[in-house]
Amino acid sequence: MSDTSTGPRKPGKPYRRPKKDPVRILAFDALRAVDERDAYANLVLPPLLRKAREKGDFDARDAALATELVYGTLRRQGTYDAVIAACVDRPLREVDPPVLDVLSLGVHQLLGTRIPTHAAVSATVELARVVLGDGRAKFVNAVLRKVAQADLDTWIERVAPPYDDDPEDHLAVVHSHPRWVVSALWDSLGGGRAGIEELLAADNERPEVTLVARPGRGTTEELLGEEAAVPGRWSPYAVRLTEGGEPGAIEAVRDGRAGVQDEGSQLVALALADVPVEGRDERWLDGCAGPGGKAALLAAVAAERGAVLLAAEKQPHRAGLVAKALHGNPGPYQVVAADGTQPPWQPGSFDRVLMDVPCTGLGALRRRPEARWRRRPEDLESFAPLQRSLLRSALDAVRVGGVVGYATCSPHLAETRAVVEDLLKQHPDAELVDARPLLPGVPDLGEGPDVQLWPHLHGTDAMYLALIRRTG
């Protein structure tokens, strides 16, 4: 459609070009990448923001708003889908995905932010005109005006089934998690409404950025000099940035003396490093080392003790990330591209072995909210043989008297205790070591001997750790 100023004026309102809003266009582009390419927002968003800043379109407030729009929309997608479904005249699956993304961005502004109603509607309709065209913008306008008639609590009362009728479906809609994930997390927690509600709510909170000062390379004192930096809760090497910020702008992070690493991941690595072993303590292995966070911390601690870390990663490009993370380590180390299920090393070669296995990632839904919608129950079946094979390989790799740390970033029982219990049934020459004393000061660690961390209890990702000693 052409601007009427270039020709004879037609009856009615003159055509007005839509206003391009760089913030909302960027947020829309990020959501499309997540949907179309199965990308992760935490990988897509930073380069988009960097490009926008380089063009001069963005300042810090713009970047913060774009980030909130993307992550807020992804976290509350399940709730917003239920609201949108109540306001359209067709099944949600029949709404074009780009239209649904624009609607979700608008609903988040209406129900999940302090943006005034009129501004949220008008800005989203303008976005629709730019990226969808005038016709579908009218549809967006009509839907958002229906949504705007009530607040979030009122909408939830309308679209969520009563808790007493269907507890899992109620929680799924209220807290925006797939029903099967709600059920799995509830099983892992061991029952009770309060705990599951707190966990699901914690999954929808924006996590703080946590840094690790790598021993022998950086210090927490240096990191605490950064704006809004406070000590970690549990790890002696952790520093939290309470107001977010861009870690890449911190000199110690750029130089590799520090890194971005959740405190739960730090605790897992440190527990393996501190568990007593009998006899020599010279050779350590990280058998699934990519992208390198735990390996970098382990290698630094190993160097302080005169030990050497071998970091193995199956995918060559991820092995490159491990090498980058370990570059500058104060002591010797080695990085190899190797399959932990078909290892090049001899049995019994190592004193300590960490096996942080591939998993569904249900423990990191705060950081990767789109994963909750991407994963399916059948994914557990595809991971199970690999997890068991890697753990058996880890036990083979450790010498008698040495210890294996089995870790996952998932609290799902099928990926945690079930895997460990199967190994112990098949290997009478292995026994569990109580991991709880190796996380000093950390409360609510359960009955042991394994450890499950939780976002709502510990402020960490839901990391699982079992320590297994080879006895014969």
From the list Ala435, Ala397, exactly one residue is closer than 23 Å to Gly264 by Cα, open to solvent by less than 30 Å² (accessible area, probe 1.4 Å) and in contact with a Pro (Cβ under 7 Å, 6 or more places away or on another chain). Which is it?
Ala435
Within segment 275-327, can you find the residues that are open to solvent by 20 Å² or more (accessible area, probe 1.4 Å), over 21 Å from Gly402 (Cα atoms) and assigned to a helix (DSSP H, G or I)?
Gly293, Pro316, His317, Arg318, Gly320, Leu321, Ala323, Lys324
I'd like the residue in segment 71-98 that is acidic (Asp, Glu) and not in a loop (DSSP other than H, G, I, E, B) and, out of all such residues, is least open to solvent (accessible area, probe 1.4 Å).
Asp81
Here the residues within segment 115-129 that are free of Cβ contacts under 8 Å to residues at least 24 places away in the same chain, over 19 Å from Leu74 (Cβ atoms) and not hydroxyl-bearing (Ser, Thr, Tyr) are Pro116, His118, Ala119, Val125
May I ask you to list the residues in segment 328-377 that are more than 11 Å from the chain's Cα centre (by Cα), hydrophobic (A, V, I, L, M, F, W, C) and surrounded by fewer than 19 Cβ atoms within 10 Å (Cβ to Cβ)?
Val336, Ala337, Ala338, Trp345, Trp373
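In the list Gly248, Gly244, which residue meets the criterion of being in a loop (DSSP other than H, G, I, E, B), in contact with a helix residue (DSSP H, G or I) (Cβ under 8 Å, 6 or more places away or on another chain) and not β-branched (Val, Ile, Thr)?
Details: Gly248 fails: in a loop (DSSP other than H, G, I, E, B).
It is Gly244.
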Across segment 36-61, what is the number of residues that are in a loop (DSSP other than H, G, I, E, B), within 21 Å of Pro98 (Cα to Cα) and either in contact with an Asp or Glu (Cβ under 6 Å, 6 or more places away or on another chain) or without any contact (Cβ under 8 Å) to a residue 60 or more places away in the chain (or both)?
2
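Return the total of residues in segment 213-241 being touching a residue at least 12 places away in the same chain (Cβ under 8 Å) and in a loop (DSSP other than H, G, I, E, B).
In the first step, residues of segment 213-241 are kept if they are touching a residue at least 12 places away in the same chain (Cβ under 8 Å); the result is 213-218, 220, 222-224, 226-230, 232-241.
When the remaining residues are screened for being in a loop (DSSP other than H, G, I, E, B), the result is 214-218, 224, 226-228, 232-237.
Residues that pass the stated criteria total 15.
If the requirement is being in a helix (DSSP H, G or I), open to solvent by 10 Å² or more (accessible area, probe 1.4 Å), touching a residue at least 60 places away in the same chain (Cβ under 8 Å) and not aliphatic (A, V, I, L, M), which of these qualifies: Asp153, Asp101? If you could, list the steps in order and put the result at the bottom.
Values: Asp153 fails: touching a residue at least 60 places away in the same chain (Cβ under 8 Å).
Only one candidate qualifies: Asp101.
The values are calculated or read from the model by the stated rules, or taken from the named source; none is laboratory data. Please read all numbers here as calculations on a predicted model, not as lab measurements. Positions of Cβ are generated from backbone atoms using ideal geometry, with glycine treated the same way; all protein chains shown enter the neighbour counts. Quick note on the areas: whole protein, heavy atoms, side chains included, nothing else; ligands and nucleic acids left out. Shrake-Rupley method; radii C 1.70, N 1.55, O 1.52, S 1.80 Å.
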